[in-house]
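Quick one: structure below, then a few questions.
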Amino acid sequence: MRRKEQRPEPGRKLRGVVLFVLLALILPVSVNILRAGGSLIAPVGERVAAFAVIANMPEAGAYLLFDRFLGGIPTLQSERDEPPGEHHSLPVAAMPSTPLPNNPPYSQAVTGQNPLVIRPRIPIQYQAMLVAENFAGMIGGQVFAHGAGLIRNDTRLTNDEIKSILETPHSLTFVDNGQPQVLIYHTHATEAFERHDSEIYDIRNTWRSNDNNINIVAVGAVLAEVLEQNGISVIHNSTQHDFPSYNRSYERSAVTVADYLARYPSIQIVLDIHRDAIERDNHVIVKPVAEINGQTAAQVMILAGSDNGNLNMPNWQENLRFAAAFQDAMESRYPQLTRPVWLRHRRYNQHLSDGALLLEIGSNANTLEEAVYSATLVGRALAGLIKENTVD
């Protein structure tokens, strides 16, 4: 009969780790005593006394000590996939607004995070797991292939009905006359990212900021800069439509979009840039990542709206066709950069233009650097798609 292994009690295991830390710190000093004589006895006595106090700490206090020396002891929690939502009802952090210029250089957006800032230590009671996963997806169920990418059909239509729509290519064409061709804006501009690349995070984090150097506006600025560098005329609007009130953000951003479209009829593509939020049970948050050219990229997801008969979107099929072409352009150049296009019965302001899409670049668990790198890749792919469809 196999005997059931008995696991040590948590307190017993903790005392063992305390003893290990004590020995690791005191033994080297003891050797120095033998070499240097009695002059070191007093400092050692002080250190022994201090660690005697630590050894009798409550368990949480001792674990903070281990966090200092051993880099944290996170516990893996159970996981349950949650689909990303249209709205992320998290509070906005009270931070000063420091808008970026309209199209800042790549380096300016990246250095919005001061590299000299020391990573804060998270008290053990506020630590939770942050995991990285690849969300490139696979064919099956409501997910099917189109071109180099995948489509996730979350509508009342069948996959075959969606495929029949995609048999007709998108109808967008462009003219290189110096007029704006792309509008980039942010319905939820205060969406921000993890400040450090780590396997643990602080559950007190809101991932919201009014500082446009570190929120999703910085990512949109990089995307705009890359397009400009490739000869594509862009307007980047940095209005914080979700501040001071998160409610009715889409209504406010729709007014912004309609105004630009009226002033610049040359605009063919309208991109609402967000970041996702993926959380599982027990505070586990997830960042979607892929390694591209040896660098970690935040994966990108296109959300395409569709009409269920009540949304007043007579041309949603055109948006879907453009979404499929855009997805194909990104995946053809940078395999696994994207997650499947998510087709839903939502508007996302896509009733305003045939080339309007919502892009989720990474999640709250990604770092700004990962999202900025992805924005660079997205910009290159989009610039190529536009040039392929430019007429003389």
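Of everything in region 199-233, what is aromatic (Phe, Trp, Tyr) and assigned to a loop (DSSP other than H, G, I, E, B)? Give them in sequence order.
We begin by selecting, within region 199-233, every residue aromatic (Phe, Trp, Tyr); these are 201, 207.
Within region 199-233, just TRP207 meets the criteria.
Would you pick out the residues in region 234-281 that are over 14 Å from LEU358 (Cβ atoms), of a type in the set (Val, Ile, Thr), assigned to a helix (DSSP H, G or I) and touching a residue at least 12 places away in the same chain (Cβ under 8 Å)?
Passing the criteria: only THR256.
Spot the failing condition for ASP392; the list is (1) under 15 Å from the mean Cα position of the chain (by Cα); (2) without any contact (Cβ under 8 Å) to a residue 12 or more places away in the chain, and only one is missed.
Of the numbered conditions (1) under 15 Å from the mean Cα position of the chain (by Cα); (2) without any contact (Cβ under 8 Å) to a residue 12 or more places away in the chain, the odd one out for ASP392 is (1).
Mind counting the residues in region 359-378 that are more than 19 Å from ALA136 (Cβ to Cβ) and crowded, with 22+ Cβ neighbours inside 10 Å?
Selection size over region 359-378: 3.
Here's a check for you: in region 315-328, which residue that is small (Gly, Ala, Ser) and more than 21 Å from the chain's Cα centre (by Cα) is nearest to SER171 (Cα to Cα)? Write out each step before concluding.
So in region 315-328, the residues small (Gly, Ala, Ser) come out as 323-325.
Now narrow it down to the ones that are more than 21 Å from the chain's Cα centre (by Cα): 324-325.
Working: ALA324: 12, ALA325: 11 Å.
Here the residue is ALA325.
Only one of these is within 25 Å of GLN268 (Cβ to Cβ), among the β-branched types (Val, Ile, Thr) and open to solvent by less than 60 Å² (accessible area, probe 1.4 Å): ILE124, ILE184. Name it. Break it down into steps so the answer makes sense when it comes.
Values: ILE124 fails: within 25 Å of GLN268 (Cβ to Cβ).
Checking each option against the conditions leaves just ILE184.
If you check ILE269 against the conditions, is it crowded, with 23+ Cβ neighbours inside 10 Å and of a type in the set (Val, Ile, Thr)?
Details: crowded, with 23+ Cβ neighbours inside 10 Å: yes; of a type in the set (Val, Ile, Thr): yes.
Yes: the conditions hold for ILE269.
Can you find a residue that is outside any loop (DSSP other than H, G, I, E, B), in contact with a strand residue (DSSP E or B) (Cβ under 6 Å, 6 or more places away or on another chain) and surrounded by 24 or more Cβ atoms within 10 Å (Cβ to Cβ) anywhere in region 379-392?
no
Here is a follow-up. Given (1) at pLDDT 95 or above; (2) touching a helix residue (DSSP H, G or I) at 6+ places or on another chain (Cβ under 7 Å), identify the lone condition not met by ASP328.
(2)
Residue by residue through region 293-310, note down the ones that are open to solvent by 10 Å² or more (accessible area, probe 1.4 Å) and either touching a residue at least 60 places away in the same chain (Cβ under 8 Å) or in contact with a helix residue (DSSP H, G or I) (Cβ under 7 Å, 6 or more places away or on another chain) (or both). Steps first, please.
Taking region 293-310 as the starting set, the residues that turn out to be open to solvent by 10 Å² or more (accessible area, probe 1.4 Å) are 293-296, 307-310.
Hits for region 293-310 are GLN295, THR296, ASP307, ASN308.
Only residues that are surrounded by fewer than 17 Cβ atoms within 10 Å (Cβ to Cβ) and in a loop (DSSP other than H, G, I, E, B): list them for region 156-179, please.
ARG156, LEU157, THR158, GLU167, THR168, PRO169, SER171, THR173, ASP176, ASN177, GLY178, GLN179
Let me ask you something else. Hey, can you tell me all the residues within region 141-155 that are farther than 16 Å from PHE326 by Cβ and open to solvent by 40 Å² or more (accessible area, probe 1.4 Å)?
Once the filter is applied, which keeps residues that are farther than 16 Å from PHE326 by Cβ and open to solvent by 40 Å² or more (accessible area, probe 1.4 Å), region 141-155 yields GLY141, GLN142, ASP154.
The values are calculated or read from the model by the stated rules, or taken from the named source; none is laboratory data. Bear in mind that the values here come from a model prediction, so they are computed numbers and not experimental data. When we count neighbours, we look across all protein chains shown, and the Cβ atoms used for this are built from the backbone with ideal geometry, even at glycine. These accessible areas exclude ligands, DNA and RNA; they are computed on the full protein's heavy atoms, side chains included. Shrake-Rupley method; radii C 1.70, N 1.55, O 1.52, S 1.80 Å.
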